[in-house]
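A short reminder: the numbers here are calculations on the coordinates, not readings from a lab. From a predicted model like this one, the values you see are computed outputs, not experimental measurements. Every residue, glycine among them, receives a Cβ derived from its backbone with ideal geometry; neighbour counts consider all protein chains shown.
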């Protein structure tokens with residue numbers, strides 16, 4: 001009995017089988033990998049659209065990781081033929097790979113949360129600074145305060161409109177700490193209806209306080225979620241409350257103006 005291997009035949013001619021061509025598969029995979037690389041390189045360019053960059057800040061880091069894993073798997077599985085190798089070889093390769101990935105994520109979780117825009121934005125990279133990058137906010141950040149005379153002129157315009165825009169934003173964002181009537185809440189917001197101020201009562205000072213917040217207090221930096229015009233409208237409305245002295249309001253805090 002012969003123990004030789006049977007020779008594959010090619011079609012009706014009975015000759016040896018021609019080697020299977022992977023050219024088409026490799027071309028398709030090459031195109032896909034090129035598109036993935038294009039996406040990876042394009043993600044940093046989204047910084048040019050601050051609203052989009054910040055709105056999806058929780059997505060960028062995981063997306064880059066997923067794209068990298070896909071590319072690695074495609075190259076190893078197809079170009080290095082791991083997909084068709086023995087199961088033992090797959091286990092020997094994949095086991096330390098999982099350990100490496102775990103180490104990467106563990107170390108990354110300790111650092112990436114400190115870098116904008118992926119985490120809390122405590123720091124940005126040196127290259128970002130060199131490129132002139134400033135961590136964006138949802139509202140696009142706050143402009144520098146106007147001069148007092150310009151604020152006063154705009155205050156008159158807001159007054160003619162009944163402070164409608166400022167009232168709307170105040171009702172949505174400020175009442176939990178300052179009450180609906182502006183009288184203030186114990187342990188939280190100050191009374192906005194007296195004539196006492198910790199950080200200044202002019203519109204420019206109010207605008208700055210609202211935009212940047214007050215460190216060590218419950219007053220947040222609203223420039224992270226409001227644009228400059230919305231901040232100004234709130235400042236106009238708050239300024240209009242001066243001297244109303246609503247019933248049950250908190251005691252004076254700060255200096256009188």
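Fewest-first ordering of 228, 215 by other beta carbons within 10 Å of each residue's beta carbon gives 215, 228. When a/c reaches 1.5 or more, the comparison of a/b and b/c decides; with that in mind, is segment 148-256 rounded, prolate or oblate per its Cα gyration tensor? Here segment 148-256 falls in the rounded category.
Taking a ≥ b ≥ c as the square roots of the Cα gyration tensor eigenvalues, segment 34-77 comes out oblate, since a/c reaches at least 1.5 and a/b does not exceed b/c. At an R0 of 41 angstrom, the distance between the Cβ atoms of residue 167 and residue 52 translates into a FRET efficiency of 0.85. With R₀ set to 41 Å, the beta-carbon distance separating residue 43 from residue 221 gives a calculated FRET efficiency near 0.95.
Over segment 144-257, Cα pairs under 8 Å with separation of 6+ residues give a relative contact order of 35 percent. What's the center-to-center distance, using Cα atoms, between segment 26-70 and segment 150-201 in Å? Measuring centre to centre over Cα atoms gives 43 Å.
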